[in-house]
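One structure is given here, and the rest of the page talks about it.
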Amino acid sequence: MTFTAIIRPSFFTILLVSLIISLPACSSRTAPPEARYAPAGDLLDIVKDFQRLAKEDTYRFAIPKDVTGINIMKATLVRLDDYQQKNRGQFTDIVQFNKALALERLREYDQAAALYRKVAETDGRLGGEAAKNAEILDNFLRIFDRRIPSDDPFKYIAGLDEKVAAWNGLIKKHQGTPYEFLARLEEERIDRAKVAFVEANRARLKEGNQLVIVGYSQLITKHQLSKNFQRYLLDFGDFYLLLAKDYASQYDPEGLAFDFKVFDQFVKSALKLYSEVAQVDGVVEKLEAQGKIEAARGYLEKLTRLNR
């Protein structure tokens, strides 16, 4: 799926044209050696590089890095601050609008909305777009800041479910826009939090272990396109290995009560998930998965010998 541009092409074209007309003619200066690694001093260069890299779908892909290897959102905020200090009062609406874009990508919705509102109060061409974005982020914040009861585990889970439903509503409402993917990010975080909560409280819940397994199964099914999918597979495998260790602690592997088939099934379930990640090229979790496979096999071999 190709990520929808942060700003509609016509809008961004207007922004660039405005900058090209208004900025001092400095592009003809001879660039010093390794200039691409130097802090950007020209607003057009900052905005151009930011817009080129910022249109990635951050639900599916990690936030892009600039040429120096720095998070493009964080780097842009620093560069825009530097530009403001050196050029006070110039292109304030453009600077604030792009700061807001970077901040919303970093999930700093309250700061982004505040900047959008400042831009909306100006007479510039970005006012209408900024007002619309501020309104959208206000809806994000209503869900983001919603309090969840913490006195009862079932009420807590129900509160998380309500947030998931609310984020899902925004996903549908903003389908095909950048805000769809931001809402997907928030929905995914709540889904992961639900599994983590059940896992942490599994001993207090009836059929707690089975509930965790169901939770992980739903998580990896729902978020197969997420950039975190491989991490979820590893976490799921870790849980199966934890079940194997719990079983070995409860029943002596050298005793008669130890059912090797139960233990073996837990470990093999973990190995299956680890192997799925280890077979994927180009993901940072591959090396970690390979290490987990070796550790799990060594553990299985050790307890196999003890059980003989």
Taking the stated definitions as given, is Ala62 at pLDDT 50 or above and within 29 Å of Val284 (Cα to Cα)?
yes
Which condition breaks for Leu44 when tested against (1) within 23 Å of Tyr109 (Cβ to Cβ); (2) touching a Ser or Thr at 6+ places or on another chain (Cβ under 9 Å); (3) open to solvent by less than 50 Å² (accessible area, probe 1.4 Å); (4) at pLDDT below 90?
(1)
Can you run down the residue pairs with Cβ atoms below 6 Å, 6 or more apart or on separate chains, where the first is in segment 123-152 and over 22 Å from Asn168 (Cβ atoms) and the partner is of a type in the set (D, E, K, R) and open to solvent by 60 Å² or more (accessible area, probe 1.4 Å)?
Ala134/Arg117
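Mind listing whichever residues of segment 214-232 are more than 16 Å from the chain's Cα centre (by Cα) and either buried (at least 18 other Cβ atoms within 10 Å of the Cβ) or not in a helix (DSSP H, G or I) (or both)?
Keep residues of segment 214-232 that are more than 16 Å from the chain's Cα centre (by Cα), which gives 214-218, 221.
Gly215, Tyr216 - these are the residues of segment 214-232 that are more than 16 Å from the chain's Cα centre (by Cα) and either buried (at least 18 other Cβ atoms within 10 Å of the Cβ) or not in a helix (DSSP H, G or I) (or both).
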Identify the single condition in (1) within 20 Å of Ala54 (Cα to Cα); (2) open to solvent by 60 Å² or more (accessible area, probe 1.4 Å); (3) among the small types (Gly, Ala, Ser) that Ala134 does not satisfy, given that it satisfies every other one.
(2)
Only residues in segment 79-93 that are over 21 Å from Ala120 (Cα atoms) count as the first member; pair them with residues that are hydrophobic (A, V, I, L, M, F, W, C) and assigned to a loop (DSSP other than H, G, I, E, B), Cβ under 7 angstrom, at least 6 apart or cross-chain, and list the lot.
Arg79/Ala40
Within segment 203-211, is even one residue buried (at least 19 other Cβ atoms within 10 Å of the Cβ) and in a helix (DSSP H, G or I)?
no
Where residues in segment 254-267 are free of Cβ contacts under 8 Å to residues at least 24 places away in the same chain and either assigned to a helix (DSSP H, G or I) or among the aromatic types (Phe, Trp, Tyr) (or both), which of them is nearest to Tyr232 (Cα to Cα)?
Gln265
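Of everything in segment 275-296 that's within 19 Å of Asp246 (Cα to Cα) and touching a helix residue (DSSP H, G or I) at 6+ places or on another chain (Cβ under 7 Å), which residue is least open to solvent (accessible area, probe 1.4 Å)? Step through it out loud before you land on a result.
Of the residues in segment 275-296, the ones within 19 Å of Asp246 (Cα to Cα) are 292-293, 295-296.
Those left that are additionally touching a helix residue (DSSP H, G or I) at 6+ places or on another chain (Cβ under 7 Å): 292-293, 296.
Working: Lys292: 47, Ile293: 15, Ala296: 0 Å².
Ranking the qualifying residues of segment 275-296, first place goes to Ala296.
The values are calculated or read from the model by the stated rules, or taken from the named source; none is laboratory data. This is a predicted model, so every value here is computed, not measured. Cβ sites come from the backbone with ideal geometry, for glycine too, and all protein chains shown count toward neighbours. Accessible surface is based on the protein model in full, side chains and every heavy atom, while ligands, DNA and RNA are left aside. Shrake-Rupley method; radii C 1.70, N 1.55, O 1.52, S 1.80 Å.
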